[in-house]
Amino acid sequence: MPTASDDVAFPTLTETQLRTQARYGTASAVAEGESLFVEGQLEYDFIAILEGEVDIIRHDPATGEESVIASHGAGRFLGELGLLTGQRTFLRGRATRAGRVLRIDPGTFRRMLAAEGDIGDIVFAAFVARREVLLSGAASTLRVIGSRYSRAALEIRSYVRRQRLAHTWIDLD
């Protein structure tokens, strides 16, 4: 059942907002099964879905299993705070139904947010809410296990903190 926070994290843009965004990007066709971005990708476009459907997928490298954490249709957009901070992607976006998307490169996307305040407010609020959703699940899946006396374990823990990744520290001592 949708919650009020879902409306913030996963808003649907109006036709007017999509037309405004179209001035900043390029529309392109996507095929069913096509990946729009993948885990670990450093640069990726802001994507608004014009037609079709896209699943956001979390891959568990330990088991190889994938789980769908969100599905988006026409009027929705893809992305999260990493698009603004330069952080690599955590998830994969894959088209589950052929359609069309609007792609806006990162530099142009930042200019659009500054120029189009109403859209910027919606997108930024969604990105913050999505990060909270992502981090709430990440703490239960990312575990740093080691000794507090181990230099290697502490370096890994320090790296995870610098990247602001939610995690659980398990001290073997």
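The values are calculated or read from the model by the stated rules, or taken from the named source; none is laboratory data. A quick note: this is a predicted structure, and the numbers were derived from the prediction, not measured. Here Cβ is always computed from backbone atoms with ideal geometry, including for glycine, and neighbour counts include all displayed protein chains. Ligands, DNA and RNA are excluded from the accessible area calculation, which covers all protein heavy atoms including side chains. Shrake-Rupley method; radii C 1.70, N 1.55, O 1.52, S 1.80 Å.
The table that follows gives values for the structure above.
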item: Virtual spin-label span in nm between S71 and E51, 7 Å along Cα→Cβ; result: 2.0
item: Spin-label zone in the stretch 12-29 - amide nitrogen under 16 Å from a point set 7 Å from the Cα of D105 along the C-beta vector; result: 23-28
item: Span-like helix ranges in the chain, DSSP H, alpha carbon extent 18 angstrom or more, Kyte mean at least 0.0; result: 117-141
item: Exposure rank, largest accessible area first [H72, H59; 1.4 Å]; result: H59, H72
item: Cβ-based net charge around R58, under 12 Å, with every Lys or Arg adding one and every Asp or Glu removing one; result: -3
item: DSSP-loop GluC sites (Glu not before Pro) across the stretch 1-86, with at most 13 other Cβ within 10 angstrom; result: E32, E43, E65
item: Among S147, S67, S35, residue whose mean-square fluctuation peaks in a GNM of the chain (springs only between Cα atoms under 10 Å); result: S147
item: Extension gain (nm, one decimal) between I170 and E39, 0.36 nm per residue minus Cα-Cα; result: 44.6 nm
item: Where the chain is the region considered: accessible area per residue in Å², 1.4 Å probe; result: 56
item: Cut-off 13 Å between beta-carbons: net charge of the residues surrounding A27, Lys and Arg +1, Asp and Glu -1; result: +2
item: Accessible carbon and sulfur surface of the chain relative to its total accessible area, %, 1.4 Å; result: 53
